[in-house]
Amino acid sequence: MNLNYSAILPELVMAAGAIVVLMVDALRRIENHRGDAANRGSGFLLTLSLIVAAGASVAAFAVRGESGLMFQDSARSDALSFGIRLIVLATTILVLLVGSRYVSTFTRYPGEYYSLLLLSATGMMAMGIASDLMVLFIALETFSLSLILLAGMYRHNRSSTEASLKYFLLGAFASGFFVYGSALIYGVTGTVSFAGMGPALQVAADGGPGAVLLWAGIALLLVGFGFKLSLVPFHMWTPDVYQGAPTSVTAFMSVGTKTAMFGALVRIFLMTFPYGFENWTGPLIVLAVLTMTVGNVTALCQTSIKRMLGYSGIAHAGYVLAGLVPGTETAVNSALFYLFAYAFMNIGAFIIVMAIEHSVETDVERSQLRGTGAAMPVLAGFMALFLFSLSGIPPLAGFFGKFLIFRSILDGGLAWLAAVVVVNSAVSAYYYLRIVVTMYFQQRPREVHAPQSSPAMRVGMVLAGVMVLVIGVFPAFFMSLLTVPGL
Amino acid sequence: MDFLLPLLLLLPLAGAVVVALLGSDGPRKALAMLVSLATFGASLGLLQNGSALTAGEAVLAFQRPWFPEVGLSLHLAADGISVWLVLLTTFIMPIAIGFSNRFVSDRLGQHLALLLLMETAMVGVFLAQDLVLFYTFFEFTLIPMYFLIGQWGSENRVYAALKFVMYTLLGSALMLVAIVAIFVQTGTFSIPEIAATLPATAGSTFQVLGFLAFALAFAVKIPLFPFHTWLPDAHVQAPTAGSIILAGVLLKMGTYGLLRLAMPFFPEAFASYAPLLIVLSLIGIVYGALVALKQQDVKSLVAYSSVSHMGFIVLGLAVANTQAVSGAVLQMVNHGLSTGALFLMVGLLYERRHTRLFSEFGGLWKSVPVYCGLLLITALSSVGLPSLNGFVGEFTILLGAWQVSPAAAAVASTGVILAAWYLLTAFRKLAQGEIRHQENEVGVLPDLQRSELMMIVPLVVMFFVIGLYPNLLLDHIVPAVEILLP
């Protein structure tokens, strides 16, 4: 039996860190019985959480070379899992930084927030290494349950509670599909391990006994993925949850969930069920086209920035899925690169929303950004940068993400799909640029609240902005970091 | 390896960053002007290798890997066509900056930084030898122009800015697909290599679809009838410096792309669509001129005259013989200078009176004779009076077109007549007759000052230089065109 603990060191560090943060928080609360004391210690807890995430990142690089199956074939460490770890950890560090002050506006107990964030990230990273259906399900539930709690963290706010409940109910529904699909697949193959399924899948894919059950199982699994990735038509929960949850949680959820779920999608559909993958390209194309088109068209009509970013997030999931359709090594690399770029530009946009929000209760309407270009040039400048990158204008990070996706699609010979993606992306520019219009070309109303930011938040904003530029100017370096060799 | 070309890109870029960071307007103005003049000075170095240019070779090549996994490289080079378009850009830039220095006070630092960014992007378009690099610069020009129109434009600027960007973005979206499809077909993004290999290997469907994707992007940019509707909005709303750059250089990116990419990459498809291009360009020439005739606003008149004049350039390209194409390239430079100058003159008038309506003027000869003299020369240059620049370009195009289709040449030449009609009518309405408004009285309306003369006189000098000695440009342009044409 291969118990290679060092290969899963990053996940272990994160899980242990989550527990330590929780315990430290609890002990401090016992020490001072006064209610507001918890807030006072939040700087320490933030530092601790950052150290944990940074430690996990160091560990991720340190164990990058360790690849292969372990723990009775239930986990696999390889370039894909490294890519997932990298993106999730970058997301975690950014969100920790920018949420530092924001968190105190919606909860008195930031320790819980930090701890749940780390725990959720652990689950997402575990999605990348999961190599059997059980581990995959546990990882999925770990990050989903943490996210449900995080979404409802602002307890006195109705929309936050609604977001949490909605995410819980639909998440449970999705899990149901997922488990049922897993059960069917287990029934046909007699194993939960991806590595062990090969021969049985081959037999079933060739039309042997159990083919129908197997395809049904995979279809149910795909529905489960559809919910979590908010692919149309399984996307209904997304805008409400994105809008209702505290913004830092939304930022984390929008990038982390996508990364983890796409990682698992690649692991299952491209690495485990490659037999008969061509049977799945049809449904995947339909899902991708629907997802990006509905996401973009609906985003056009939004006035709330968070809701708009929610719908645009749906569209971005559509692009990534379209890029994965060819099922090649290039496709996986492009999708990972896209998600990496997306992490910085999307969280970046949410950072600005957080700074503008003067309290969690009020949603940020587009009109609230009027005249920010003149009044807060730095903030607006960064927002414009993130929005331009999201609309895919060269030479920013988002452009290369899209560029690589086109290449992978055209390599797969689907010129029309590339055309759909590119037209969608041009349409999306309209609603991103409309925010720039509001910020720069419209006068400031008389009553405005100054933006709220902390030093850590500004560090996060600059970090995200610099990354958006650097990824665009030196794409080669990041591509080599995220390359998944040989499927 | 030569570093002049990257220098031409980095100088304005660095200038833009520093100008944006500077604290007060005085140093900003000085630095922006200095940087744009230095860039112009450096760009004169493009002509150092005259014998290679007259041989039609690309000079000063610079190549570095950029994204080798995907086949992208930072590849720049200049041939006889790019050299003169880059010189046009760097020549016009100090003039635009000079105008903004004098008349813009609101958020000047940002304004100047955007102008310099614009310069980097435009020079990059003319020098790029890698398709993705070309696309990057081509698209990036949108951002500074978007802010320039949106922040410093007239009443309807927000609409105009968004329309400009969305039109261009949608137009060029499919070009990106075509670019990547070309890579899948040929395995390279290098423009010269693609031009050498693609025509022989691509199937006819690929040729047609690829050509249409490129042609759409460039037709919107040029703008070719019926894709021209963004132009009057953008021009009328843009601040003067923006208009000068938009008409002077930005539109040329479309015709340049047609010539540099669409024609050599898809020769068969181009040949089969050339009649359509000719027809559209003729419609543009006549339609633009007729609409210009009816304008009440001086700036809209110049904007529609642009639609008409850009039609000549497309006609020259679509005819596709050496003479007509060389004339078209020459006319790109000429139109940049003449229309840039017209927008400058309109801007100078607007800054004095804050109106551009013909009905507000008349009799300006009496009050501002220097202005009117220069305006007349500028208008005549745009009309195509012999011995001025516009004549050589249009005449060469018409001669080339005559060899292919006398009918097309005949229709196009009505555009010359119409141009004389609307421009001279405009001049009459502005300058001749009696002074009808108090604000235009002698002594009330100030004539051009020295700093303003320094903007317009270099342009006027260039009208005569090119008009009297067009071979200065054609010696470089013709050999480059001969190599480019299949």
Condition check: at pLDDT below 90, surrounded by fewer than 23 Cβ atoms within 10 Å (Cβ to Cβ) and among the hydroxyl-bearing types (Ser, Thr, Tyr). Does residue A:303 satisfy that? yes
Just checking: which of the helices (runs of 4 or more DSSP H) contained wholly in the stretch A:231-324 hold 1 or more residues that are within 28 Å of residue A:203 (Cβ to Cβ)? A:247-265, A:278-300, A:305-324
Assuming residue B:127 fulfils every condition listed in (1) within 10 Å of chain A (Cβ to nearest Cβ); (2) farther than 20 Å from residue A:370 by Cα; (3) not aromatic (Phe, Trp, Tyr) apart from one, which condition is it? (1)
When residues of the stretch A:368-407 are filtered for being within 23 Å of residue B:73 (Cβ to Cβ) and among the hydrophobic types (A, V, I, L, M, F, W, C), how many remain? 9
Output for the stretch A:418-468, where each listed residue is touching a Leu at 6+ places or on another chain (Cβ under 7 Å) and within 21 Å of residue A:320 (Cα to Cα): A:418, A:419, A:422, A:426, A:429, A:430, A:431, A:432, A:464, A:468
Limited to the stretch B:184-202, what total is found for residues that are touching a residue at least 12 places away in the same chain (Cβ under 8 Å), away from chain A (no Cβ under 14 Å), touching a Ser or Thr at 6+ places or on another chain (Cβ under 8 Å) and under 16 Å from residue B:71 (Cα atoms)? 2
Selection count, the stretch B:177-215, where residues are over 26 Å from residue B:483 (Cβ atoms) and among the aliphatic types (A, V, I, L, M): 4
Does any residue of the stretch A:222-236 turn out to be in contact with a Gly (Cβ under 6 Å, 6 or more places away or on another chain) and under 26 Å from residue A:123 (Cα atoms)? yes
From (1) within 20 Å of residue A:152 (Cβ to Cβ); (2) surrounded by fewer than 24 Cβ atoms within 10 Å (Cβ to Cβ), pick out the condition that doesn't hold for residue A:117. (2)
Within the set of pairs 6 or more residues apart or between chains, which connect a residue that is without any contact (Cβ under 8 Å) to a residue 12 or more places away in the chain and in a loop (DSSP other than H, G, I, E, B) inside the stretch B:378-401 to a residue that is aliphatic (A, V, I, L, M) and surrounded by 24 or more Cβ atoms within 10 Å (Cβ to Cβ) with Cβ atoms less than 8 Å apart? none
Residue B:109 versus (1) surrounded by fewer than 24 Cβ atoms within 10 Å (Cβ to Cβ); (2) within 30 Å of residue A:407 (Cα to Cα); (3) within 14 Å of chain A (Cβ to nearest Cβ): which is the lone unmet condition? (2)
Which one of these is surrounded by 19 or more Cβ atoms within 10 Å (Cβ to Cβ) and either modelled with pLDDT of 90 or more or in contact with a helix residue (DSSP H, G or I) (Cβ under 7 Å, 6 or more places away or on another chain) (or both): B:399, B:385, B:376, B:430? B:430
Residue that is in a loop (DSSP other than H, G, I, E, B), more than 9 Å from chain B (Cβ to nearest Cβ) and in contact with a helix residue (DSSP H, G or I) (Cβ under 6 Å, 6 or more places away or on another chain), where the choices are A:428, A:408, A:389, A:453: A:453
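Here's the yes/no breakdown for (1) surrounded by fewer than 20 Cβ atoms within 10 Å (Cβ to Cβ); (2) at pLDDT below 85; (3) more than 12 Å from chain B (Cβ to nearest Cβ):
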{"site": "A:397", "(1), (2), (3)": "no, no, yes"}
{"site": "A:432", "(1), (2), (3)": "no, no, no"}
{"site": "A:446", "(1), (2), (3)": "yes, yes, yes"}
{"site": "A:467", "(1), (2), (3)": "no, no, yes"}
{"site": "A:479", "(1), (2), (3)": "no, no, no"}
If you check B:64, B:102, which single one turns out to be within 14 Å of chain A (Cβ to nearest Cβ), more than 25 Å from residue B:255 (Cα to Cα) and either out of contact with any helix residue (DSSP H, G or I) (no Cβ under 8 Å at 6 or more places or on another chain) or touching a residue at least 24 places away in the same chain (Cβ under 8 Å) (or both)? B:64
Of the conditions (1) in contact with a Leu (Cβ under 6 Å, 6 or more places away or on another chain); (2) without any contact (Cβ under 8 Å) to a residue 60 or more places away in the chain, residue A:199 fails just one. Which one is it? (1)
Please go through the stretch A:202-217 and give me each residue that is crowded, with 20+ Cβ neighbours inside 10 Å and in contact (Cβ under 8 Å) with a residue 24 or more places away in the chain, ordered by number. A:214, A:217
Here the qualifying pairs (Cβ atoms under 8 Å; residues six or more apart or on different chains; first in the stretch A:377-389 and at pLDDT 90 or above; second hydroxyl-bearing (Ser, Thr, Tyr)) come out as A:383/A:372; A:384/A:440; A:387/A:432; A:388/A:432
Of all the residues that make up the stretch A:434-443, how many are in a loop (DSSP other than H, G, I, E, B) and more than 10 Å from chain B (Cβ to nearest Cβ)? 1
Output yes when any residue across the stretch B:132-143 is crowded, with 23+ Cβ neighbours inside 10 Å and in contact with a His (Cβ under 9 Å, 6 or more places away or on another chain), and no when none is. yes
Take residue B:169 and decide whether it is within 11 Å of chain A (Cβ to nearest Cβ) and part of a helix (DSSP H, G or I). yes
With modelled with pLDDT under 90 and under 27 Å from residue A:134 (Cα atoms) as the only criterion, which of A:32, A:4 stands out? A:4
So for the stretch B:72-84 (the condition being within 14 Å of chain A (Cβ to nearest Cβ) and out of contact with any helix residue (DSSP H, G or I) (no Cβ under 7 Å at 6 or more places or on another chain)), does at least one residue qualify? yes
Test: residue B:197 is out of contact with any helix residue (DSSP H, G or I) (no Cβ under 6 Å at 6 or more places or on another chain), surrounded by fewer than 24 Cβ atoms within 10 Å (Cβ to Cβ) and of a type in the set (Val, Ile, Thr): no
Selection from the stretch B:137-155 of residues that are within 10 Å of chain A (Cβ to nearest Cβ) and under 18 Å from the mean Cα position of the chain (by Cα): B:137, B:138, B:139, B:140, B:142, B:143, B:146, B:149
Does residue B:42 satisfy the criteria of being away from every other protein chain (no Cβ under 14 Å), free of Cβ contacts under 8 Å to residues at least 60 places away in the same chain and either over 17 Å from residue B:128 (Cα atoms) or surrounded by fewer than 20 Cβ atoms within 10 Å (Cβ to Cβ) (or both)? yes
Residue among B:34, B:74 that alone is within 20 Å of residue B:133 (Cα to Cα), modelled with pLDDT of 85 or more and surrounded by fewer than 23 Cβ atoms within 10 Å (Cβ to Cβ): B:74
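The values are calculated or read from the model by the stated rules, or taken from the named source; none is laboratory data. Note that this is a predicted model, so its numbers are computed, not measured. As a convention, Cβ positions derive from the backbone with ideal geometry for all residues, glycine included, and neighbour counts pool all protein chains shown.
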